[in-house]
1. With a sphere of radius 13 Å drawn around the Cβ of D226, what net charge do the other residues whose Cβ falls strictly inside it have (Lys, Arg +1; Asp, Glu -1)?
2. Give me a comma-separated list of calculated 3J(HN,Hα) values for the stretch 270-282, in order, Karplus coefficients 6.51, -1.76, 1.60 applied at θ = phi - 60°, integers in Hz, x for any Gly or Pro.
3. Can you give the local net charge around A60? Use residues other than it whose beta-carbon is closer than 12 angstrom to its beta-carbon, Lys and Arg +1, Asp and Glu -1.
4. At 7 Å along the Cα-to-beta-carbon direction for both V155 and Y190, put a label point, then send me their distance in nm to one decimal.
5. Please return the longest range in the chain lying between exposed loop sites, taking chymotrypsin sites (Phe, Trp or Tyr not before Pro), DSSP loop only, at most 11 other beta-carbon atoms within 10 Å, and leaving the sites out.
6. Ordered by residue, what ³J(HN,Hα) values in Hz, to whole numbers, does the stretch 199-206 give under the Karplus form 6.51 cos²θ - 1.76 cosθ + 1.60, where θ = phi - 60° and Gly and Pro are x?
7. Per the 1.4 Å probe, what fraction of the accessible area of the stretch 135-216, in percent, lies on carbon and sulfur atoms?
8. Using 0.36 nm times the number of residues separating L361 and R216, minus their current alpha carbon distance, what extension gain do you get?
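The values are calculated or read from the model by the stated rules, or taken from the named source; none is laboratory data. Treat the numbers as computed from the prediction; the structure is a model and nothing was measured. Please note: Cβ atoms are built from the backbone with ideal geometry, for glycine as well, and neighbour counts cover all protein chains shown. These area figures cover heavy atoms from the full protein model, side chains too; ligands, DNA and RNA do not enter into them. Shrake-Rupley method; radii C 1.70, N 1.55, O 1.52, S 1.80 Å.
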Amino acid sequence: MSATKAAVPPKQRPDDAADRPVDRRRGSTLLRHLAIVLVAGLVLVGVSYAVEPFRNFQLATVAAYLCATAGLTVLTGLNGQLSLGHGALMATGAYTVALCQNAFVDRGMTGGWLLPLSLVAAVVSTVAVGAVVGVAAARLRGPYLAGVTLAVAIVVPALAVTFDGVFNGEQGLSVPVEPPPLALGPYFPYERWQLWLTGAATLLALLLLANLIRSRYGRTFRAVRDDEVAARLAGIHVARTQVLAFVVSAATAGLGGALLAVLAQSVSPGAFSLTLSLFLLMAVVIGGLGRLTGALWGAVLLVALPDLTHSVTEMLTLSPAVAQRLEGNLPLAIFGLTLIVVMIAAPGGVQGLLSRLGRRLRARRS
């Protein structure tokens, strides 16, 4: 036995040789993701100089929503858990960043490191809430799971009204944010700075999610989604995997809510109602479940829909009361209609349709 070991140098052992390709694949995947994020960041900076300030604000809002839709894609698309409460998780992150920023102002603290610290606190608090909900969700299936997350979507905004001494009730809280650094110039547009902030945070979150999906954790997520019994027989701890998926999804939802609060510089219960949770779920389904690029299409739809609704109501000659009622209910109707059309024409969502068209074009060229 010892002679056999001595005959084979350690660096040439079969186990080591089998591990090296895996390490190389992981390294190449990480480098590829880093390159994509770097290119996306450069494109975002270039676009921020090419468009007007309002479009910069819209792009920043898309980036904030993208954090939530990407996390929900991991939870529902990759792990198979249905959540109707992600709007409440976004509210948790939004109120946390508001409380932190107001506490810093009350203590006279200033500095560019305060906002990142508040965002980290928002993610941590949402992870704690997500862990509690995830432990309960791991014991439930189907409509029972949807019912628990639905209760979360209703209870969390109601807490802001109940404890109005802390959360200021329906009026909500302001979110004080420092202006852009002086190094960028005295006339640097604030909307461009908002886009840079949200874009950097979102790209970092997407980088982490993309590498998580391609890791063994992503494979266990998909195994549990496809067949829990087979996953359990393969040695996967199903409940722990489901809790982990919920915690990851909650963290990104909290970051998205915090970024929305920073953009609006305020937070209130009305901004994170049950309707937002329904919109998030429909957005990831329309964009394409299980794909981060599908989450991007869903985030774009979440921002484009209010503009479309406003344009439709402006084209119609209606009384102010009817126009207000229509503008409040029309987005949900358009979302539902879009969902029906997409599910009939492209069951894989927008990204699935684009992928299928791309494969057909490559097949024709070959």
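1. Values: positive: R219, R222, R225, R232; negative: D227, E228.
Every neighbour counted, the sum reads +2.
2. Running phi through 6.51 cos²θ - 1.76 cosθ + 1.60 with θ = phi - 60° gives x, 7, 10, 7, 4, 4, 5, 4, 5, 4, 4, 5, 5 Hz.
3. Values: positive: R55, R192; negative: E191.
Here the charged neighbours net out to +1.
4. Taking the two extended label points, one gets 3.7 nm.
5. Details: sites that count: W113, F163, Y187.
Looking at the chain, 188-366 is the longest stretch - no exposed chymotrypsin sites (Phe, Trp or Tyr not before Pro) with at most 11 other Cβ atoms within 10 Å.
6. x, 5, 5, 5, 5, 5, 5, 5
7. Working: 3210 of 4660 Å².
So the carbon and sulfur contribution to the accessible surface is 69 percent.
8. Working: separation 145, 0.36 × 145 = 52.20 nm, distance 3.23 nm.
Between L361 and R216, full extension yields an extra 49.0 nm.
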